[in-house]
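Undergrad: Structure provided below as structure tokens; questions to follow.
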There are 2 protein chains.
Amino acid sequence: MITDQLKNHILSFAAPTEKEINDFLNNFEFLAIKNKEFLLKEGQYCKHQYFILKGCFRCFFINHKGAEKVVNFGIENWWLSDFESLINQTPSLLNIQAAENSKVLKISKEKLDAFLEDSLELNRYFRIILEKVRVADQRRIQFMYNLSGEELYNTFREYNPSFVQRVPQYMLASYLGFTPEFLSKIRAKKKP
Amino acid sequence: MITDQLKNHILSFAAPTEKEINDFLNNFEFLAIKNKEFLLKEGQYCKHQYFILKGCFRCFFINHKGAEKVVNFGIENWWLSDFESLINQTPSLLNIQAAENSKVLKISKEKLDAFLEDSLELNRYFRIILEKVRVADQRRIQFMYNLSGEELYNTFREYNPSFVQRVPQYMLASYLGFTPEFLSKIRAKKKP
DNA sequence: TTCACTTCTTAATCTAGATTAATTTTTTCT
DNA sequence: AGAAAAAATTAATCTAGATTAAGAAGTGAA
């Protein structure tokens, strides 16, 4: 089943009954997304949550100088959405674009909310996911203003060795908060 | 009741029964914390969650240059803990210190976990809280590397006008990611 | 197998914000 | 109230990283 991957992910954090989880999984739609296609564009209302089965996405916004700023990446077994737009029902400030050919499962906010209304186990699942996200966000904020650009890059490499090859360097530079030129400089320094 | 404030907070996001919520509230301990006292020190294991009834706290760590870096503030009706230490059972990298004379409610991780085992409504409550935290963290990350120091300060002021007076400027500068000297410069520029 | 496009690199110059250090103002404590 | 400590200001100097610009190297489609 195409939804098995999500099923396993849920079961690794919570314990819904077989019926409950199958009912839930029935509400997802499968999508194949080509590299550079958008799941969400700035200005749109985010109405879905996406679970990444395969591939890679980046969330970015256009800053006041017109430059793309990467806020997040998403890879296999991550949930993706613009939470701010989704929860507050406001136009999104973010773009979500595939960085590889990808496969996702999609569910509407209404359907998800309906399940969250009654299900202890799904509330547990998302609570635990969000706790982990919180830990990651906190650590990221801590890194962001404790470390120099060079240290940021080295730390990121250390924690995510395989990911560094996965996206163009200019995206990684943007995510880490500096320019591609500066990343080049760092990399040139390390070689000899 | 000293726990009424927390009760109201929970009831504004979830709908536990009267018995359920009262059972839960029975597990909290009230603490009065004097300005500059610590709730948690670097190296300790964080074993509690705190709900702030009144007052203000800062979470900070000591960076590799020996400087205090403020990661977060907490005020009335916020939950406080080092999530990373609490969840992963690792020694904390953070200090949590009162920035005012404060009042908190305290619950141990074990007791909280026991309630989360069975309660749909408490899982809902914390899931919703964490969604809001996520939105705030995302926005903060976005601000952090889209805005200049001056813009950061002005934006923070705009969103939190009353808070700016509440903590020393050196803490605010640290939270915003720059030095107190630079904050002085920004403020001097605005006056005339 | 070439044309077009995207990504990466290098180097010169520039700037926001850090650092240092001295001075003033505010707060706290007895 | 007065001394001591904590916090804020000011100014001079310094630096990590931005900006600009140009070329090199990959990548891909026809």
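The values are calculated or read from the model by the stated rules, or taken from the named source; none is laboratory data. Remember, it's a predicted structure, so these values are computed and weren't measured experimentally. Note that each Cβ is placed from the backbone with ideal geometry, even for glycine, and that neighbours are counted across all protein chains shown. The area values use the complete protein model at the heavy-atom level, side chains included, leaving out ligands, DNA and RNA. Shrake-Rupley method; radii C 1.70, N 1.55, O 1.52, S 1.80 Å.
Undergrad: So which residues in segment A:157-167 are within 16 Å of DNA strand D (Cβ to nearest atom) and part of a helix (DSSP H, G or I), if there are any at all?
TA: A:157, A:164, A:165
Undergrad: Among the candidates B:170, B:153, single out the residue that is open to solvent by less than 40 Å² (accessible area, probe 1.4 Å), aromatic (Phe, Trp, Tyr) and in a helix (DSSP H, G or I).
TA: Result: B:153 is the single residue among B:170, B:153 that is open to solvent by less than 40 Å² (accessible area, probe 1.4 Å), aromatic (Phe, Trp, Tyr) and in a helix (DSSP H, G or I).
Undergrad: Can residue B:68 be described as touching a residue at least 12 places away in the same chain (Cβ under 8 Å) and either surrounded by 16 or more Cβ atoms within 10 Å (Cβ to Cβ) or of a type outside the set (Gly, Ala, Ser) (or both)?
TA: yes
Undergrad: Limited to segment B:56-65, what total is found for residues that are closer than 20 Å to residue A:135 by Cα and touching a residue at least 60 places away in the same chain (Cβ under 8 Å)?
TA: Qualifying residue count, segment B:56-65: 2.
Undergrad: Restricting the search to segment A:17-36, which residues are assigned to a loop (DSSP other than H, G, I, E, B) and either open to solvent by 50 Å² or more (accessible area, probe 1.4 Å) or among the aromatic types (Phe, Trp, Tyr) (or both)?
TA: Within segment A:17-36, A:17, A:26, A:28, A:34, A:35, A:36 meet the criteria.
Undergrad: Please give the number of the condition residue B:127 fails out of (1) away from DNA strand D (no atom under 15 Å from the Cβ); (2) outside the structural domain of residue B:81 (by TED's automatic domain parsing).
TA: Failing condition for residue B:127: (2).
Undergrad: Quick check on residue B:173: is it over 30 Å from residue B:18 (Cβ atoms), of a type outside the set (S, T, N, Q) and more than 13 Å from DNA strand C (Cβ to nearest atom)?
TA: no
Undergrad: So is residue B:82 away from DNA strand D (no atom under 16 Å from the Cβ), among the acidic types (Asp, Glu) and buried (at least 20 other Cβ atoms within 10 Å of the Cβ) or not?
TA: yes
Undergrad: Ok, one more. For residues in segment A:173-186 being aromatic (Phe, Trp, Tyr) and buried (at least 18 other Cβ atoms within 10 Å of the Cβ), which is farthest from DNA strand D (Cβ to nearest atom)?
TA: Top of the filtered list is A:175.
Undergrad: Still on this structure, I have one more. State all residues of segment B:130-150 that are surrounded by 15 or more Cβ atoms within 10 Å (Cβ to Cβ) and within 16 Å of DNA strand D (Cβ to nearest atom); if no residue qualifies, say none.
TA: Answer for segment B:130-150, where residues must be surrounded by 15 or more Cβ atoms within 10 Å (Cβ to Cβ) and within 16 Å of DNA strand D (Cβ to nearest atom): B:141, B:142, B:143, B:144, B:145, B:146, B:147, B:149, B:150.
Undergrad: Now, a different point. So, of the residues in segment A:89-123 that are within 13 Å of another protein chain (Cβ to nearest Cβ), in contact with a strand residue (DSSP E or B) (Cβ under 7 Å, 6 or more places away or on another chain) and not in a loop (DSSP other than H, G, I, E, B), which turns out to be surrounded by the most Cβ atoms within 10 Å (Cβ to Cβ)?
TA: Among those that are within 13 Å of another protein chain (Cβ to nearest Cβ), in contact with a strand residue (DSSP E or B) (Cβ under 7 Å, 6 or more places away or on another chain) and not in a loop (DSSP other than H, G, I, E, B), it is A:96.
Undergrad: Return a yes/no flag: does segment B:8-23 have any residue that is of a type in the set (A, V, I, L, M, F, W, C) and free of Cβ contacts under 8 Å to residues at least 12 places away in the same chain.
TA: Yes, some residue in segment B:8-23 is of a type in the set (A, V, I, L, M, F, W, C) and free of Cβ contacts under 8 Å to residues at least 12 places away in the same chain.
Undergrad: Could you run through segment B:37-64 and say how many residues are more than 20 Å from residue B:76 (Cα to Cα) and either assigned to a strand (DSSP E or B) or open to solvent by 80 Å² or more (accessible area, probe 1.4 Å) (or both)?
TA: 8
Undergrad: Also: Name the residue, out of B:77, B:27, that is away from chain A (no Cβ under 13 Å), modelled with pLDDT of 95 or more and within 18 Å of the chain's Cα centre (by Cα).
TA: Selected residue: B:77, the only one of B:77, B:27 that is away from chain A (no Cβ under 13 Å), modelled with pLDDT of 95 or more and within 18 Å of the chain's Cα centre (by Cα).
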